[in-house]
Amino acid sequence: MDKKRVKQIFKSGIWDDNPVFRQVIGICSSLAVTNLLMSSLIMGLALTFVTAFSELTISIIRKFTPKHIRMVVQVLIISAFVIIVDIFLKAYYPEMSKALGPYVGLIITNCIIMGRCEAFAQSNPPISSFLDGIASGLGYTMVLLMIAFIRELMGFGSIFGIQLLGNWWTRWTIMVMPPSAFFIMGVIFWWARSKTEKKEEKKEGGKVTA
């Protein structure tokens, strides 16, 4: 695979076709686990792992999977990787597993994974599918960390559990609550879309001038 193709896949997954602020999918966990940066990071890495290996597996067997059971096979594969993640967290990071609660298990129903498996892995080779899974997962993780950075800093006065703001800082209780993620996510959506629209306007202007 050439570098241009790899760059295109990552650019699409992280920015151009970002699953959260471009496709507006997979936002349930974005609202639920983003009050702390560490929780958001673990959730993002978990989804990246599941998406990448699910796409890889589905791409490998895509020519041998009957169409009428394709979706069932996809769910079984995704479930297997989610179980691996869940067991790993419970064994090595029990406190984080408790903090994330049911949201690790709910990765199975995350629209990002199902969407990429169906839209990309079913029609692309294994390596490309694996990289697409990583790119989509990183795009999702990036948005989670952006939201969590604001929520943890303003709500707890800390970053990754390290206290930065002292007793002089009045903690914003609303930032610890899930509704705050709606407002922050809305601002992120506005910022991302405005940047994209400006780029498109410049391209159109350049074409007209040319």
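Taken together, the values in this text are just the output of simple stated rules run on the coordinates, not laboratory data. This one's a predicted model, so the numbers in the text were calculated from it and none came from an experiment. Glycine gets a Cβ as well: all are built from the backbone with ideal geometry, and neighbour counts include every protein chain shown.
Shape class of region 22-84 from the Cα gyration tensor (axes a ≥ b ≥ c, square roots of the eigenvalues): prolate, since a/c reaches 1.5 or more and a/b is larger than b/c.
Of the labelled figures (i) 14.0; (ii) 17.5; (iii) 14.9, only one reflects mean projected area of the Cα convex hull in nm² as derived from the coordinates, namely (iii). Placing R0 at 30 angstrom, the Cβ-Cβ distance between Arg70 and Arg5 gives a FRET efficiency of 0.75 after rounding to 0.05. For Lys198, a cut-off of 18 angstrom between C-alpha atoms picks up these aspartates and glutamates, skipping any fewer than 8 places away in its own chain: Asp16, Asp17. Where only DSSP H runs of four or more residues are counted, the chain gives -22000 deg cm²/dmol as its mean residue ellipticity at 222 nm, each run worth -39500 (n - 2.57). Once both labels are positioned 7 Å from their Cα atoms along Cα-to-Cβ, the gap between Ala119 and Ile162 label points is 3.7 nm. Of the cross-linked pairs Lys67/Lys90; Lys11/Lys195; Lys3/Lys67, which ones have a Cα-Cα span greater than 24 Å in the structure shown? Table pairs above 24 Å Cα-Cα are Lys67/Lys90; Lys3/Lys67. So what's the gap between the Cα centers of region 78-138 and region 1-46, to the nearest angstrom? Distance between centres, Cα-based: 12 Å.
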